[in-house]
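Below you'll find the structure, written out as structure tokens, and then a few comments.
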2 protein chains.
Amino acid sequence: MHPSVLRRVPILDWGRRYNRDRLTNDLIGALIVTIMLIPQSLAYALLAGLPAEAGLYASIVPILLYTVLGTSGALAVGPVAVVSLMTAAAVGEVAASGTAGYAAAALTLAALSGAILLAMGLLRLGFLASFLSHPVISGFISASGILIATSQFGQILGISAGGDTLPRMLAGLWAGLGGIHPVTLAIGLGAAAFLFWARKRLKPALMRAGAGPRLADIGAKAGPVAAVVVTTALAWGLGLEDRGVRLVGQVPQALPPFTLPPLPLDLVRQLALPALLISVIGFVESISVAQTLAARRRQRIDPDQELIALGAANLGAAFTGGFPVTGGFSRSVVNFEAGSETPAAGAFTAIGLALAAVALTPLIYFLPKATLAATIVVAVLSLVDLGALRRAWTYSLSDFLAVSVTIGATLILGVEAGVTAGVALSILLFLYKTSRPHIAEVGLVPGTQHFRNIRRYQVETHPTLVTLRVDESLYFANARYLEDYILARVVNDACVRDVVLLCSAINEIDLSALESLEAINHRLGEMGMHLHLSEVKGPVMDRLKRSDFLSQLSGRVFMSQMEAVAALTAPCPAGKAET
Amino acid sequence: MHPSVLRRVPILDWGRRYNRDRLTNDLIGALIVTIMLIPQSLAYALLAGLPAEAGLYASIVPILLYTVLGTSGALAVGPVAVVSLMTAAAVGEVAASGTAGYAAAALTLAALSGAILLAMGLLRLGFLASFLSHPVISGFISASGILIATSQFGQILGISAGGDTLPRMLAGLWAGLGGIHPVTLAIGLGAAAFLFWARKRLKPALMRAGAGPRLADIGAKAGPVAAVVVTTALAWGLGLEDRGVRLVGQVPQALPPFTLPPLPLDLVRQLALPALLISVIGFVESISVAQTLAARRRQRIDPDQELIALGAANLGAAFTGGFPVTGGFSRSVVNFEAGSETPAAGAFTAIGLALAAVALTPLIYFLPKATLAATIVVAVLSLVDLGALRRAWTYSLSDFLAVSVTIGATLILGVEAGVTAGVALSILLFLYKTSRPHIAEVGLVPGTQHFRNIRRYQVETHPTLVTLRVDESLYFANARYLEDYILARVVNDACVRDVVLLCSAINEIDLSALESLEAINHRLGEMGMHLHLSEVKGPVMDRLKRSDFLSQLSGRVFMSQMEAVAALTAPCPAGKAET
């Protein structure tokens, strides 16, 4: 088969090498992930403001499509916390939760997100994701975790509290405190306490009770399922619905429906920016975990193909009653550790969830929403990593600013403003830093051929010769700074006859910088000085040769700084003392 | 006096050293600039859509304020072509030309622009101007020249044609072609032809007629005044107003009035962005010419103080019936070449213009607008430099894209969209370039201590050792690219045991890049390889020591690449042939 077909439809490649060992591993991995995914899917659907079944639907067809098109053997695709929160924020702007318009707008958002991811993949624009710096991502994920946890406190307390920013959520909780529902609170707190305990202690407890490590592992992953089963049974047995405990309620007992995402122009316009942000954030989360897991098996994944696979998964969600999905971090790690080897594990997970949608949905009626809220709170609190603030503070001011502004803006202004502010700030800070590059005046370290900063080392210098090393590529934002710096250095030094620009750290000179060099050359000439270059890199020199700068240059271009010093050393002209 | 006072009020500094020689030079410079400025001021006021006298008012108090606060001895402040065009575009959005609201909005624009410049100066934000790259500035100025010239063709043809973009202007001219006014056209074309001739030929002609070079120079600068005088006399003598030639008409015979710029919130909001763009463009034009001229006399100008002086000048314009002003290129060069030495020349120019406002305004009644249009066309065509396109094309694709998109967007979408698109594109192109840095695999040039690209040189390499030199600082936008590049290089090469990152061209490593290095270190470790660094710069090493990366690093940090090679050379492990 043609390699480009194999590249675009990876299943044709790994499918040919599929065998019984891999099948066994994939089946076991799929079982564990399915157990984990059932309560998660329901919970994240509620987080997104949608009916619980949307979570199951968003996990079935999208996973199947990823199986065909994806390149990661471990990535588990479906609803994830941060994307669900972003979905709630975006769709909440255009429709009220619980209405048909809300569910329809979620389909539109998934369709737009799918189209954007697909387009980015086909146009090979995956590099755009790299403009999300690590501090921005980690700040955004931490702040999202706090927002998500806070948004669930209302369900645990049994009160109605909305809001899409931390101040509004807290105000809503504060206003509702009088209406706390004690039975709901007992279920929510009980479930949360059990889940916190189960995360760390359930596996050792099962092993002490005699279970083998593999079984204990599966049992520990089933912690949320246990919480769901127990609280559902309590709600049914004790008739908690009549006591005012909010339950998930009627869920259709069916496979995912075929749905058409509505695409009127004004809705598309309103959801375009949120869809772009969801796509990029989702892609970054997904690709990070996929690459990490692939490297452990010395495999490579193809980012552009991943964009295509995630795009198809989101389009699948849009046409089958879902909402935006991506590769989730924790479930992918679980999938990997459970031994899944190929995307086929995803297909088996999809089958498991389809069975759940058909067989288990009647039981879900009695599931308390507070249990799902507790599941979410316990899951997302592991996203909150405020240690990132401390690490950034220790490392550099600009990284600290990026992470703290992202956290602050996300909490106070919301998810979209947060990620936008973080990206804009980190780009501005980068531009600011490169616009004021480090420039060192250098001299020869005696007895060597090394030139070093005159402020850090004891070096030889010459009164008529100034050598400056610029530790940055020259481009428009620092061109004028360089002009100012050089002229300020020489304007009051009557001795100077030659200025050498040591170009060893200059990787590029753009047209603005070239014109600044021409201006520097011209102005130095008017002061009777010569401008020289030394140690210019090959590609930079190739570029300079295409302009007429080298013919205007009043001085010379030296291969090495040693040659420059040898050629330019002269005594200070008589009568012009060094100032 | 305290140095900070002298720095903030430079007149106190140069004023103490003022003497008779300087006075003479300044007076002669002022005379020439005044002669040049009278028709220019009137013309640029009309270009901005304002009554002619606004041009005189905008030249008097602003110049006086610049005299007190400015640092350039040659800069001539007043209305300039590009800023007048931007004023027309901005104010035209909020009021109709010719109304009282229009003139009032121009005052508001000048006030906002003054406040922005002042704030930038006090906050030392002058570096923001460096984000306007040379290709963007030159493209913007060229396109503005074309727009300005086209906008004047209607006056020369004697028809009404508006529009703020080239397509609309051309459509307006096309629609009005039937109404061409022959007498107006004769005056306009005659004036334009004379001015084109006078620019190059008047000075030699006067010298042939026996004038000394200095007198001939003054005479040549008076060319526009001659065109004004002759066409005004014709309009008066032949009663051209009755024949339908549009004249400047009634101009108040008075010193600048005191005006209060209206500042209602919604007007401020509408004009804030245009005011910012006008401030930055005006500052860039002004500082460029001021620095060029200062360097010729080995003087320095202070960019932050220039911002303050220009801010005060614009506030002055706002309170005395003017509109946004800045330091003009051609008039400053004239001022410099005429011998002006200090900002006092500006004060004398202001006095000259004040006399004109009081004494000459009755004569201006008969001045045909077509003459002023011709003055503008001849002046701005020298701004159009399409050679910049060719130079950028020869030099680099990204500079060519920046200049051509700026020209296209300015002509088709207007001045504000043009400059915004240019700035955004040049920043994106810069980020794109740095996000895919040049990475070279290097080896030792035999018999030397130099390491060079294995693709360009015959070098020694070792099967177990890969050395990569990254020619760019490491930051968030290229961190993932580096991860991908390194892992792609080694994943299929079973021989490799050691990967050395040669850091000689790395000027900074931000937190994102540090985390990528940690990931690279971790993943290489999982494949049984070690990551080493060599030739790390001092400031980068200082930063790394603040993190715990160095303690995690599986390999070592070598002072020089020679040491790295000496320590890491080993044969390929048996049975693992190089692939």
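Computed quantities for the displayed model
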item: Selection from the stretch B:540-566 of residues that are in contact (Cβ under 8 Å) with a residue 24 or more places away in the chain and either within 20 Å of residue A:390 (Cβ to Cβ) or at the interface with chain A (Cβ under 8 Å from one of its Cβ atoms) (or both); result: B:543, B:544, B:547, B:549, B:552
item: Residues within the stretch B:189-213 that are modelled with pLDDT of 90 or more and not in a helix (DSSP H, G or I), tallied; result: 0
item: Selection count where residues are over 19 Å from the mean Cα position of the chain (by Cα) and within 14 Å of another protein chain (Cβ to nearest Cβ), scope the stretch A:117-156; result: 1
item: Selection from the stretch B:252-306 of residues that are within 14 Å of chain A (Cβ to nearest Cβ) and among the aliphatic types (A, V, I, L, M); result: B:280, B:284, B:287, B:289, B:290, B:293, B:294, B:295, B:301
item: Residue that is nearest to residue B:473 (Cα to Cα) [pool: residues in the stretch B:523-539 that are more than 8 Å from every other protein chain (Cβ to nearest Cβ) and assigned to a helix (DSSP H, G or I)]; result: B:524
item: Tabulated pairs, the stretch B:344-360, first farther than 18 Å from residue B:254 by Cα, second hydroxyl-bearing (Ser, Thr, Tyr) and part of a helix (DSSP H, G or I), C-beta under 7 angstrom, 6+ apart or interchain; result: B:344/B:67; B:346/B:66; B:346/B:67; B:347/B:67
item: Scope the stretch A:330-347; condition surrounded by 21 or more Cβ atoms within 10 Å (Cβ to Cβ) and either under 23 Å from residue A:115 (Cα atoms) or of a type in the set (A, V, I, L, M, F, W, C) (or both); matching residues; result: A:334, A:336, A:338, A:343, A:344, A:345, A:346
item: Residue list for the stretch A:414-468, filter: of a type in the set (Lys, Arg) and under 28 Å from the mean Cα position of the chain (by Cα); result: A:433
item: Which numbered condition residue A:375 fails, given (1) within 14 Å of residue A:134 (Cα to Cα); (2) in contact (Cβ under 8 Å) with a residue 60 or more places away in the chain; (3) not in a loop (DSSP other than H, G, I, E, B); result: (1)
item: Residue in the stretch B:415-430 that is free of Cβ contacts under 8 Å to residues at least 40 places away in the same chain, within 14 Å of another protein chain (Cβ to nearest Cβ) and of a type in the set (Ser, Thr, Tyr) present; result: no
item: The lone exception for residue A:478 - which of (1) polar (S, T, N, Q); (2) under 14 Å from residue A:520 (Cα atoms); (3) away from every other protein chain (no Cβ under 12 Å) it fails; result: (3)
item: Condition check for residue B:316: more than 17 Å from the chain's Cα centre (by Cα), closer than 14 Å to residue B:115 by Cβ, of a type outside the set (Ser, Thr, Tyr) and in the same structural domain as residue B:52 (by TED's automatic domain parsing); result: yes
item: Test: residue in the stretch B:20-37 that is more than 23 Å from residue B:214 (Cβ to Cβ), surrounded by 24 or more Cβ atoms within 10 Å (Cβ to Cβ) and touching a residue at least 24 places away in the same chain (Cβ under 8 Å); result: no
item: Residues of the stretch B:214-249 classified as assigned to a helix (DSSP H, G or I) and either exposed (fewer than 15 other Cβ atoms within 10 Å of the Cβ) or touching a residue at least 40 places away in the same chain (Cβ under 8 Å) (or both), total; result: 16
item: Residue A:95 being touching a Phe, Trp or Tyr at 6+ places or on another chain (Cβ under 6 Å) and surrounded by fewer than 24 Cβ atoms within 10 Å (Cβ to Cβ); result: yes
item: Where residue A:301 falls short, out of the listed (1) modelled with pLDDT of 90 or more; (2) in a loop (DSSP other than H, G, I, E, B); result: (1)
item: Unique match (being assigned by TED's automatic domain parsing to the domain that holds residue B:185 and over 26 Å from residue B:88 (Cβ atoms)) among B:358, B:325, B:333; result: B:358
item: Set B:494, B:488: member being within 9 Å of another protein chain (Cβ to nearest Cβ) and either assigned to a helix (DSSP H, G or I) or among the small types (Gly, Ala, Ser) (or both); result: B:488
item: Residue A:503 vs. criteria more than 8 Å from chain B (Cβ to nearest Cβ) and either under 30 Å from residue B:392 (Cβ atoms) or charged (D, E, K, R) (or both); result: yes
item: Tally of residues being more than 12 Å from residue B:472 (Cβ to Cβ) and either facing chain A (nearest Cβ under 9 Å) or among the aromatic types (Phe, Trp, Tyr) (or both) across the stretch B:511-520; result: 6
item: Positions within the stretch B:155-188 being touching a residue at least 60 places away in the same chain (Cβ under 8 Å) and either in a helix (DSSP H, G or I) or of a type in the set (Ser, Thr, Tyr) (or both), in sequence order; result: B:155, B:156, B:165, B:166, B:167, B:183, B:184, B:185, B:187, B:188
item: Contacts under 6 angstrom Cβ, first residue in the stretch A:517-538 being on the phi < 0 side of the Ramachandran plot and assigned by TED's automatic domain parsing to the domain that holds residue A:463, partner at pLDDT below 90 and basic (Lys, Arg), 6 or more apart; result: A:526/B:296; A:527/B:298
item: Selection count, the stretch B:1-33, where residues are closer than 18 Å to residue B:70 by Cβ and polar (S, T, N, Q); result: 2
item: Hey, residue B:451 modelled with pLDDT under 90, within 14 Å of chain A (Cβ to nearest Cβ) and surrounded by 15 or more Cβ atoms within 10 Å (Cβ to Cβ) or not; result: yes
item: Sole exception among (1) within 8 Å of chain B (Cβ to nearest Cβ); (2) touching a Lys or Arg at 6+ places or on another chain (Cβ under 6 Å) for residue A:442, by number; result: (1)
item: Filter result (of a type in the set (Lys, Arg) and touching a Ser or Thr at 6+ places or on another chain (Cβ under 9 Å)) within the stretch A:460-506; result: A:469, A:480, A:497
item: Positions within the stretch A:433-448 being closer than 30 Å to residue A:273 by Cβ and loosely packed, with under 15 Cβ neighbours inside 10 Å, in sequence order; result: none
item: Single residue of the stretch A:454-475 satisfying the filter (facing chain B (nearest Cβ under 8 Å) and not basic (Lys, Arg)) that is surrounded by the most Cβ atoms within 10 Å (Cβ to Cβ); result: A:475
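The values are calculated or read from the model by the stated rules, or taken from the named source; none is laboratory data. These numbers were taken from a predicted model, which means no experiment stands behind them. So basically every Cβ, Gly included, is an ideal-geometry build from the backbone, and we count neighbours across all protein chains shown.
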